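Reviewing the structure listed below.
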Ligand SMILES: Cc1ncc(COP(=O)(O)O)c(C=O)c1O
């Protein structure tokens with residue numbers, strides 16, 4: 001596997017991360033995950049805009065965002081990913097400096113790491129739905145930043161897995177915010193409901209795609225958090241994200257959601273989403 005590391009295309013095994021890297025020491029960095037459908041980069045500009053937003057929130061001075069697309073395309077070519085379904089992983093940390101919480105004096109060269117991972121889409125979950133569990137949202141107050149600090153997500157996700165679930169749904173202050181690595185939508189009376197885009201959730205790119213699709217399909221979306229005590233009154237519940245796309249939640253903590261099968265609106269959105277992907281691959 002060839003990766004991009006600090007300006008060079010090199011073998012993954014040759015990457016050497018400095019122990020002084022602030023990403024390594026403090027998790028002082030951000031990342032993005034972009035889907036590459038057989039070389040078709042889905043919503044690439046939207047992901048780079050979010051990357052720039054995250055960098056800006058952390059005052060990381062990275063000047064080369066506009067070069068990322070060419071680098072990623074070259075990486076896809078070198079690794080033959082036109083023939084594979086995969087994701088691009090991009091990570092940028094503040095760079096290397098002696099350990100101190102204080103931002104280092106002067107200009108620091110950010111550390112840039114980009115790699116590709118092949119994925120096997122989970123068609124079974126997509127078609128038949130998944131089980132989810134409610135877990136405590138112990139994350140910080142800036143979940144809108146896609147920071148590499150994912151410890152709270154890691155803990156919560158594993159709590160859900162221990163309960164036999166595919167995914168954890170975060171609960172904070174009596175409301176469900178989002179999934180441990182996905183966005184979340186409920187459906188009631190053919191209308192969608194989702195947490196407002198604020199500092200408690202990541203501005204999911206797939207969430208944005210759902211908003212656009214609903215606009216076209218004349219489906220109303222209310223931006224309002226779902227409360228755990230009301231969740232079973234919903235007709236449908238589904239998760240969204242770059243890797244899972246749209247997956248129905250048919251069980252929540254051992255209780256059926258809706259009638260325990262993927263709902264009509266969920267399936268309609270899955271079909272509309274699949275068409276976007278097919279169109280993206282045609283343009284390529
Ligand atoms: C906490 C969280 N919410 C939502 C998402 C979904 O975001 P996207 O649709 O951009 O993949 C992710 C993806 O990593 C995430 O980690």
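The values are calculated or read from the model by the stated rules, or taken from the named source; none is laboratory data. Fair warning: this is a prediction, and the values are worked out from it, not measured in the lab. Cβ placement follows ideal geometry from the backbone for every residue including glycine, while neighbour counts extend to all protein chains displayed.
The figures follow:
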quantity: Check on residue 266, touching a residue at least 60 places away in the same chain (Cβ under 8 Å), within 23 Å of residue 160 (Cβ to Cβ) and in a helix (DSSP H, G or I); calculated: yes
quantity: Residue tally, condition surrounded by 16 or more Cβ atoms within 10 Å (Cβ to Cβ) and not in a loop (DSSP other than H, G, I, E, B), over region 1-37; calculated: 18
quantity: Residue that is surrounded by 14 or more Cβ atoms within 10 Å (Cβ to Cβ), assigned to a helix (DSSP H, G or I) and under 23 Å from the mean Cα position of the chain (by Cα), where the choices are 71, 92, 60; calculated: 71
quantity: Answer residue from region 152-176, given it is touching a residue at least 40 places away in the same chain (Cβ under 8 Å) and farther than 24 Å from residue 128 by Cα and is surrounded by the fewest Cβ atoms within 10 Å (Cβ to Cβ) among those; calculated: 174
quantity: Matching residues, region 171-183, being touching a helix residue (DSSP H, G or I) at 6+ places or on another chain (Cβ under 9 Å), more than 7 Å from the ligand (Cβ to nearest atom) and part of a strand (DSSP E or B); calculated: 171, 175, 176
quantity: Condition met for residue 217 (more than 10 Å from the ligand (Cβ to nearest atom), touching a residue at least 40 places away in the same chain (Cβ under 8 Å), loosely packed, with under 15 Cβ neighbours inside 10 Å and under 19 Å from residue 271 (Cβ atoms)); calculated: yes
quantity: Positions within region 223-252 being away from the ligand (no atom under 16 Å from the Cβ) and part of a loop (DSSP other than H, G, I, E, B), in sequence order; calculated: 224, 227, 234, 235
quantity: Test: residue in region 38-45 that is within 16 Å of the ligand (Cβ to nearest atom), part of a helix (DSSP H, G or I) and either modelled with pLDDT of 95 or more or touching a helix residue (DSSP H, G or I) at 6+ places or on another chain (Cβ under 9 Å) (or both); calculated: yes
quantity: Unique residue being under 18 Å from residue 117 (Cα atoms) and within 16 Å of the ligand (Cβ to nearest atom) when the list is 73, 35; calculated: 35
quantity: Among (1) more than 16 Å from the ligand (Cβ to nearest atom); (2) part of a loop (DSSP other than H, G, I, E, B); (3) in contact (Cβ under 8 Å) with a residue 12 or more places away in the chain, the one test that residue 112 misses; calculated: (2)
quantity: Condition check for residue 212: part of a loop (DSSP other than H, G, I, E, B), over 14 Å from the mean Cα position of the chain (by Cα), within 16 Å of the ligand (Cβ to nearest atom) and loosely packed, with under 13 Cβ neighbours inside 10 Å; calculated: no
quantity: Flag for residue 89 being out of contact with any helix residue (DSSP H, G or I) (no Cβ under 9 Å at 6 or more places or on another chain) and closer than 21 Å to residue 203 by Cα; calculated: yes
quantity: Selection status of residue 277, in contact with a helix residue (DSSP H, G or I) (Cβ under 6 Å, 6 or more places away or on another chain) and touching a residue at least 60 places away in the same chain (Cβ under 8 Å); calculated: no
quantity: Region 122-138, subset surrounded by fewer than 20 Cβ atoms within 10 Å (Cβ to Cβ) and free of Cβ contacts under 8 Å to residues at least 60 places away in the same chain, residue farthest from the ligand (Cβ to nearest atom); calculated: 124
quantity: In region 118-138, the residues that are in contact with a helix residue (DSSP H, G or I) (Cβ under 6 Å, 6 or more places away or on another chain) and assigned to a loop (DSSP other than H, G, I, E, B); calculated: 138
quantity: Single unsatisfied condition, residue 199 versus (1) surrounded by 14 or more Cβ atoms within 10 Å (Cβ to Cβ); (2) more than 10 Å from the ligand (Cβ to nearest atom); (3) under 30 Å from residue 41 (Cα atoms); calculated: (1)
